[in-house]
Amino acid sequence: MPKKTIPSTRDKKPLKSAKKKALKIQKAKTANARETTEVLLSAQKIYKPSREILKNANVKDYEKTLKTAAKNPEKFWEEAAKDITWFKTWDKVLDKSNKPFYKWFIGAKTNLAYNALDRHIEAGIGGRTAILWEDETGRTRKYTYLELFKEVNKFVNALKNLGVKKGNRVAIYLPNIPETAISMLACAKIGAMHSVVYAGYSAMALADRIRDASAKILITADGSFRRGKIVDLKSIADKAVKECKSVKRVVVVKNNNQKVEFDKKRDVWYHDLIKNQRTEAKTAKMDSEDPAFVLYTSGTTAKPKGIIHAVGGYMVGVLRTIKWVFDLHGKEVFWCTADPGWITGHSYIIYGPLLAGITTLMYEGVPDMPKPDRIWRIIEKYKVNILYTAPTLIRAMAKYGNEWPAKHKMKSLRILGSVGEPLNPEAWRWYYEFVGKNRCPIMDTWWQTETGMHMITPLPSAPLKAGSVTKPFPGIIADIVDKDGKKVKAGKGGYLVILNQWPSMARTIFNNPDRYVKTYWQEMPGFYASGDIAFKDKDGFFWIQGRGDDVLKIAGHRIGTAEVESAFIRHKAVVEAGVIGVPDPVKGEVIKAFLILRRGFTGSDELKKELLLTVRRALGPVAVIGDIAFVDQLPKTRSGKIMRRVLKARELGLPEGDTSALVS
């Protein structure tokens with residue numbers, strides 16, 4: 001059977017009666033059930049840290065550090081705050097008087113851009129490389145901390161001339177280029193809130209975000225490069241701005257020299273704007289609780305949520321996590337393959353590395369152009385020490401074969417990382433063996449836009465299990481509970497919640513505090529509800545099973561999508577899987593799997609039988625497979641998340657919602 005891409009099935013005849021009957025059966029079976037999930041997979045092999053890793057680790061005694069931080073999290077975070085430069089220190093570490101609107105480092109004054117740039121200049125490391133940049137076409141640029149400092153200051157003065165002041169909102173719609181970092185840092189230095197919008201979003205999605213933030217300035221580019229093609233960002237921005245009365249000026253970066261329409265009254269070229277500007281600029285003294293930026297969630301099923309992070313607490317959380325999780329010592333080359341338009345890009349492409357005074361690598365394009373070894377060639381070329389990427393990319397690289405990473409000398413790699421979706425054990429082991437050469441520990445991190453920083457993650461000195469995010473970061477107290485908020489036993493799945501407060505937590509949703517309370521705090525009072533399901537094994541290791549709204553409900557059993565997908569990937573023919581539940585009149589739901597095969601394998605009825613047997617052996621009779629489809633690609637966001645909602649909509653002939661964030 002030949003492979004195919006997943007078609008849209010909006011024109012299918014609706015299965016009205018079958019769907020209604022299935023939904024009734026499903027509701028009846030789960031109405032009185034305690035909302036816990038079946039735990040079907042759990043790898044138990046322990047990967048211990050090497051002597052070399054332990055010798056150089058910032059945190060040598062992992063378990064002791066966890067216990068000490070858990071006894072007094074506030075003290076732990078107060079100690080972490082000493083890594084930040086403050087213009088005025090705090091009067092109080094944590095204010096809980098207006099729950100759930102918690103505040104950190106009350107009364108303190110600081111600035112995000114100052115900590116990312118100015119203090120490094122003052123410390124004498126202005127000559128260190130801050131940003132290395134390369135794009136798909138092979139163009140490169142490099143900025144030292146001093147050069148970046150000057151570029152940021154020029155843009156600060158330029159933005160002030162356009163009327164940007166503290167508290168204003170500035171929308172940034174740029175590809176992964178240095179001007180994105182410069183724009184973000186310039187806003188931070190002024191005290192303006194930036195709203196970075198992923199440069200793959202449609203004009204409608206961009207307009208929604210600009211309008212909600214009431215941004216007065218939009219920063220965009222003539223275009224960007226992607227898979228050998230030019231994406232016309234300026235025309236998309238023009239369409240969006242027509243719907244946004246708040247935008248007074250549009251700043252345009254000349255990124256690929258393509259012709260664009262230009263409104264001389266509204267538009268201004270970035271290079272003209274910064275010409276002759278001073279390389280010194282005043283730093284705004286920000287209150288610790290002043291908003292640093294607004295970042296919108298995807299908004300694929302509802303109005304996008306503008307997540308607000310505060311200046312002081314965000315810095316403290318991001319700097320402590322990047323230093324400890326990736327074991328930084330000051331001179332590393334750090335490559336996070338995400339996009340600045342996501343929280344991963346904010347925290348671990350731009351702010352985290354620069355706060356830590358290391359070199360961050362920015363790459364505009366796809367990692368398999370012109371050949372599948374582009375990612376490995378970049379690591380070799382720039383001597384990358386830490387690679388932080390998404391499971392979907394790891395699985396895609398595995399699909400190309402082991403020979404591609406083997407072509408390149410990557411001895412510089414010391415730490416590997418994963419973010420965005422659960423990293424199944426099979427992909428974990430491939431990453432560990434063929435990229436890390438069995439010597440680089442994998443920091444498999446769980447966190448969210450709302451958390452701002454890593455929440456559940458190993459440290460390099462921690463023992464690891466393939467597929468587990470291990471334990472909460474020091475100072476974070478997490479647990480698994482049922483739908484009533486009651487703690488579940490080890491080995492039983494449930495809802496992942498955070499029991500305490502942390503400095504980089506979201507402060508609110510922009511202009512909608514009621515939605516903030518309802519979304520994260522009301523369902524389980526006293527807990528931060530993550531919306532994910534997970535379980536904790538007998539050793540206290542956490543395993544993410546998927547999003548709560550992706551749970552499969554089969555004959556009264558709740559099953560996480562991650563476990564079923566991992567079971568399929570155990571078969572040598574499968575490199576990536578996406579599974580959904582489809583209505584069944586008897587079981588409530590059965591599983592439909594969409595599978596991407598490795599090169600050399602072809603979909604067939606015989607292979608389907610093998611796959612069904614593989615899943616049966618791994619998961620038992622609970623996971624009822626209704627159908628298997630072999631496909632060339634899965635609908636995914638650039639941040640690496642498989643959009644199971646889109647799979648389900650296409651399968652059932654339902655509206656897909658906004659799909660502009662999907663990888664085309």
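No lab work stands behind these numbers, since they all come straight from the coordinates. This structure is a prediction, so every number in the text was calculated from the model and none was measured. We place every Cβ from the backbone using ideal geometry, glycine too, and count neighbours over all the protein chains shown.
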### Query
What's the lysine pair count for region 430-534 at a Cα cut-off below 17 Å, pairs eight or more apart or interchain?
6
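Take every DSSP beta bridge whose two residues both sit in region 145-284, then give the antiparallel share in percent to the nearest 5.
15 percent
Under the 0.36 nm per residue contour assumption, what length would be gained going from the current alpha-carbon distance of Lys303 and Lys99 to full extension? Walk me through the intermediate numbers first.
Working: separation 204, 0.36 × 204 = 73.44 nm, distance 2.45 nm.
Length difference between fully extended and current span is 71.0 nm.
Once the other residues with Cβ under 15 Å from the Cβ of Gly223 are scored (Lys, Arg +1; Asp, Glu -1), what is the net sum? Intermediate values should be presented prior to the final figure.
On the way: positive: Arg139, Arg226, Arg227, Lys229, Lys234, Lys239, Lys254, Lys259; negative: Asp135, Glu136, Glu179, Asp222, Asp232, Asp238, Glu261, Asp267, Glu364.
Every neighbour counted, the sum reads -1.
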### Query
How far, in degrees from 0 to 90, does helix 391-400 lean away from the longest principal axis of the Cα atoms of the chain, to the nearest 10?
70 degrees
### Query
So which lysines can Lys609 reach, going by Cα to Cα under 22 Å and dropping same-chain residues fewer than 8 places off?
Lys3, Lys4, Lys399, Lys572, Lys587, Lys592
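I'm a student and want to see the number: the projected area of the Cα convex hull of region 388-507, averaged over all directions, in nm². Let's see the in-between values first.
On the way: hull surface 35.0 nm².
Here the figure is 8.8 nm², rounded to one decimal.
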### Query
What Kirkwood hydrodynamic radius do you get for region 145-284 when you take the inverse of the mean 1/r over all pairs of distinct Cα atoms, in Å?
14.9 Å
### Query
Pairs Lys239/Lys641; Lys248/Lys331; Lys160/Lys254; Lys189/Lys371; Lys150/Lys409: which exceed 30 Å Cα-Cα?
Lys248/Lys331; Lys189/Lys371; Lys150/Lys409
### Query
In units of 2.2 N^0.38 Å, what is the alpha-carbon radius of gyration of region 455-550?
1.12
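Of all DSSP beta bridges in the chain, what percent run antiparallel (nearest 5)?
Working: 55 of 97 bridges.
So the antiparallel bridges amount to about 55 percent of the total.
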